[in-house]
Structures are given as structure tokens and as C-alpha cells.
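To keep things clear, I will list the structure first and then write my remarks on it.
The values are calculated or read from the model by the stated rules, or taken from the named source; none is laboratory data. What you see is a predicted model, and the numbers here were worked out from it, not measured in a lab. All Cβ positions, even for glycine, are placed from backbone atoms using ideal geometry, and neighbour counts span all protein chains on display. SASA here: full protein model, heavy atoms, side chains in, ligands and nucleic acids out. Shrake-Rupley method; radii C 1.70, N 1.55, O 1.52, S 1.80 Å.
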Amino acid sequence: MSEKRTELESTMSKRFIWAIAYGSSIGWGAFILPGDWLISSGTLGATLGITIGGILMLIIAVGYGALTAKFPVSGGEFAFTYAGFGKFAAFIASWFLVLGYICVVALNASAFSLLFKFVLPDFLEVGYLYTIAGWDVYIMEVILSTVILIIFAWISMKGSGLSGNLQFIFCLFMALVVAGLFVLSFFVGEFSFENAQPLFHETDGVWKSIILIVAIAPWMYVGFDNIPQAAEEFKFSADKTFKLIVFGIIASIITYVAMILVTSWIYPDQNSMDGAVWVTGSVIQNSMGIIGLMFLTFAITFGVFTGLNGFYMSSSRLLFALGRAQFVPAIFAKVHKKNKTPHYAVLFVLIVCLVAPWLGRTALNWIVDMSSVGVSIAFLATSAVAVKYFSKPESKNIVYVIFGVLGVIISLVFLVLLLYPGSPAALSAPSYYVLLMWVILGTIFFAFKYKTLKSLSKEELDFLILNKGNDDEK
């Protein structure tokens, strides 16, 4: 092909890629949300939900690892879906995935202001603006979240050298803090296994308690699929992708479960803390004092960093791949001359996410729901591609086909749980409205781009998306 193809440099090491998977999956959720999960599902319900969700993600991850080895290019699910089902299916899957990724960036910035609201409430409760769904929004809270978004957008634009080293160091620190808090939890407060009661929600029962947590597994573990987005930048063989994904998911399961148990068994009644800004923070502060709270605060701060860093990277790489293939404006495919990063794509993500701080904490639940839907659609597309691709005679692999089929079933179950109105984990009304707006916006955007997409030949797109030239094997 005579046409020039913009490429990203191979600068990402294995430890950075593992840290992307682990740090993006954990983020702030493992430290902020255990209290909410205990109230909604009980100790065993939350623990089983987290573990089952992680196992389901491992099943889906098989297809991701296999396809990344075959298509080590930027774009992840975009490239996979194009290879399996063509350009129009790739556009649809990518549109929903962009929603999922951008939602998580916004969530991490909002979570940082929630941390400050607990540690320094008087600092943030300045300049009352309005109330959304029962949550008071203050100008200082908006400013803090906005500054965080801008700082990490700048770090993401600086390149993987800076962000990669920080990502790995912060992930190690988080893991050590979790291990330390877990061990200490046996010796502080009013520790007793009896405190883990209730094991499940007392009125909802076992089934609903578990399903409520399993349904948001796509959001909790979404970080593992950041790895394929960066495949073009690996400094190592893409064949190692699956192992790195597995290590990332297993570490995430252990972290989530450890923080649930720490929050649960130190004191007899977590429900007495219902309504607190941050239940886990209250438990740690009351049992381990200011030192314990300080370490937990650092862990959350680093978790916010690793989440922002990971999803700025994945969302910008996805937009870069879409821009390179002319699915979105070509400006997204432009690379910074010095840093070699898709800086315009990062700026776009930043601009969209700057809306989130104005919505208050209640919007976090809406955003989690929407993120889970977007990511589940991407999981479904990737699993279906694995079934189709590895069923072909020239690439036949019955193991990958079986796991692909399981991934399709699991993804469909997630979507039913989230979208069926009678489901215990169905979206809230605001989530439905925003999701509908995103679908309408995508339809409009698709209509504008339809002629361009239709005019692009398979040879052109194979080159731009999959890096296949005329001389390559088809």
C-alpha cells in the first residue's frame, strides 16, 4: 500500500502492561465501594458476586488473549470486530466501548473528590451550587475533580515512560496496603467472624444478593481489556497477553475480596454506618486510627491515578485507531511529534469528562451502569469474533471456539441483567435516558460517516486497521 499509516512506538514493557490491567480494574472501587456492596448484598453475597464475576471475566479473557496475539494493533475490540464482522459492526462495538471507557475516566475523577469530602469535608463544602438526586454539588468539588482530570490528561500525553513507571510503582503500593490492612484487621477493632453477618441481604435473599454484584463485573474488571488497546506498543511478544490478563484479573479478585472482608468483620454492624460518605474509611479510621486511614487514603489516591492513567490510555488508543481508519475525524490519529502519543484523542476524552464533576456523586451509579453496558457489548463482539475466527480451517482451534461461545453467553447474560426491566440489576431510569442519548448520537454520527465508511475498500481498511499490506497473507 502506498498510503502512509501512522503508527505508535513500541515502548510498553510487560510490567507496565500488567499494571495497566490490575490498576485499571481496581482503581478506586475496591476502596470506596465495599460498604455499599455489604449493605446491598451482605458479606458472602458480595464476596461470591466478586469472585464469580472475576471467573466469568477470565473465561471472556481467553478470546482477548488469542485475538491480541493474532492482531497486535491499536484498537483492541475495534480491530477484532472489524476482522470478524466488517466495518459497520466494528463501528457499533467501538461506539459503545468509547462510552464505557470515558465513563470510567469520569468515575475516577469524581471518586477523588469523594475521598476529599470524607477527609476534609469543610474544604470541599464551599460554594454550594445545586442539588442533583439528593447530592449537594459545590464549586470546590467541581474544581478539584477538574484539576485531577487535567493533570492526568497531561501525564497521558507525556507518554508511556513517565506513566508506565508510576503505574507499576503505585500498583505495588496498593497491593502492599491491601495486604497490610487485611492482616491488621484480625487484631483491631472488634474483629470477629460473627461480624460478617448478614451473609446475604436479609430481605432480598441469596440469589439477588449475588446477582447485584455479578451484574457490574464488566465495570469492575474492565481494566483487563485495556491491554489489547496498547498491543501496537508492546516491547514483547503479543503471545504473552493472556498470561498478563490472567495475573491482572486474579490480583483484582483478591484485592476486592480482601477489602470487603476488612470492611465487614472489624465491627458488628455495617448497617449502622449506612448513609456515611465512606463506610470503609470510617471502619479503618475507627479501628486503625489516623495511620491506617492515611495509608488507605494513599491507596485510593494511587488507585484513582492508575484508573485514570489506564483508561486515558485505552480510550485515546481506541480513538486513535478509529481516526487512523477514518471512522472518526482524522485529527484523532495525529501523534505528538515529541511524545509520540495521540494527544488530540486524549484532549477529546478530557473535554467530554469535564462534564462529570458537575453531576454529583449520585451520577456515579448511573455512570457505572452505562459503563457496564458499553463494555458488555464489546465483550460480546470480541467473544463472537473468537468463535468465528477460530472456526476457520486455516486458524481452527476448538479450545478458543468453546471459550468464545461461553464468552458470548456470559456477555448476553450481563446485558439481560442490565437492560431487562424486571432484572434485579436493571438500569435506573436516568441511566436508560443517557444510554438512549448515546445511541441517538451514535446513529447521527453513523449517518454522517456512512458514505465515507462505504467508500473505503477492504484492502484499504485491512491496511489501516490490521496493518495488512498487499503483500501480506490475507
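Shape summary of the stretch 90-150, radius of gyration then Dmax from alpha carbon positions: 14.5, 48 Å. Within 10 Å, Cβ to Cβ, of PHE327, how many net charges do the neighbouring residues add up to if Lys/Arg are +1 and Asp/Glu are -1? Once all neighbours under 10 Å are counted, the net charge is +3. Heavy atoms of the protein chains alone define the surface here; on that basis the chain has 39 Å² accessible area per residue at 1.4 Å probe size. Rounded to the nearest 10 degrees, the angle from helix 343-353 to the longest Cα principal axis of the chain is 40 degrees.
Take peptides 173-184, 41-52 and line them up by average Cβ neighbours within 10 Å, highest first, as a rough protection proxy.
Working: 173-184: 18.2, 41-52: 23.9.
Those peptides, ordered most packed to least, come out 41-52, 173-184.
What is the stretch 272-392's relative contact order, in percent, from Cα pairs under 8 angstrom and six or more apart in sequence? Let's see the in-between values first.
Numbers: 60 pairs, mean separation 15.0, N = 121.
It rounds to 12 percent for the stretch 272-392.
Below 8 Å between Cα atoms, with a sequence gap of 6+, how large is the relative contact order for the stretch 52-121 in percent?
Details: 21 pairs, mean separation 10.6, N = 70.
Over the stretch 52-121, the number comes to 15 percent.
Using a 1.4 angstrom probe on heavy atoms only, work out the carbon and sulfur share of the accessible area of the chain in %. Carbon plus sulfur share of accessible area: 68 percent. In whole percents, the pair-distance distribution calculated for the stretch 261-412 from its alpha-carbon pairs, binned every 10 Å from zero, is 9, 21, 26, 25, 15, 4, 0. Among 371-381, 84-94, sorting by the average number of other beta carbon atoms lying within 10 angstrom of each residue, highest first, gives 371-381, 84-94.
Grab the beta carbon distance between VAL413 and ASP239, set R0 = 25 Å, and tell me the FRET efficiency rounded to 0.05. The computed FRET efficiency comes out at 0.25. For the chain, averaging the sequence separation of C-alpha pairs within contact (under 8 Å, six or more residues apart) and dividing by the residue count gives a relative contact order of 32 percent. Over the stretch 1-67, the ratio between the Cα radius of gyration and 2.2 N^0.38 Å evaluates to 1.67.
Step through the table entries LYS240/LYS468; LYS70/LYS243; LYS235/LYS396; LYS87/LYS388, compare each Cα-Cα distance with 26 Å, and write down the pairs that go over it. Walk me through the numbers on the way to the answer.
Numbers: LYS240/LYS468 22 Å; LYS70/LYS243 15 Å; LYS235/LYS396 28 Å; LYS87/LYS388 16 Å.
Those over the limit are LYS235/LYS396.
Note that the stretch 151-212 carries a Kirkwood radius of 15.7 Å, evaluated over its alpha carbons pair by pair. Helical content of the chain, expressed as a calculated mean residue ellipticity at 222 nm, amounts to -23500 deg cm²/dmol (DSSP H runs of 4 or more residues, -39,500 (n - 2.57) each, divided by residue number, nearest 500). With q set to 0.11 Å⁻¹, the log10 of I(q)/I(0) for the stretch 299-378, from the Debye formula over equal scatterers at the Cα positions, is -0.36. Applied to the stretch 250-257, the Karplus parametrisation 6.51 cos²θ - 1.76 cosθ + 1.60 on θ = phi - 60° returns per-residue 3J(HN,Hα) values of 4, 4, 5, 4, 4, 5, 4, 5 Hz, with x for Gly and Pro.
For the chain, build the convex hull from the C-alpha positions and give me its volume per residue in Å³. Intermediate values should be presented prior to the final figure.
Values: hull volume 64.3 nm³, N = 474.
So the per-residue hull volume is 136 Å³.
Between PHE116 and LYS334, the simple spin-label model (points 7 angstrom out along Cα→Cβ) gives 3.1 nm. The phi torsions of the stretch 387-401, fed into the Karplus equation with coefficients 6.51, -1.76 and 1.60 and a -60° offset, translate into couplings of 4, 5, 5, 8, 8, 5, x, 6, 9, 5, 8, 5, 5, 5, 5 Hz, rounded to whole numbers, with Gly and Pro shown as x.
What order, most packed first, do the peptides 421-432, 292-303, 248-259 have when packing is the mean number of other Cβ atoms within 10 Å of each residue?
Numbers: 421-432: 15.1, 292-303: 21.2, 248-259: 23.0.
The packing order, highest mean first, is 248-259, 292-303, 421-432.
Could you point to the residue in LEU293, ILE444, ILE50 farthest towards the positive end of the chain's charge dipole, with +1 and -1 charges on the Cβ of Lys/Arg and Asp/Glu respectively? It is ILE444.
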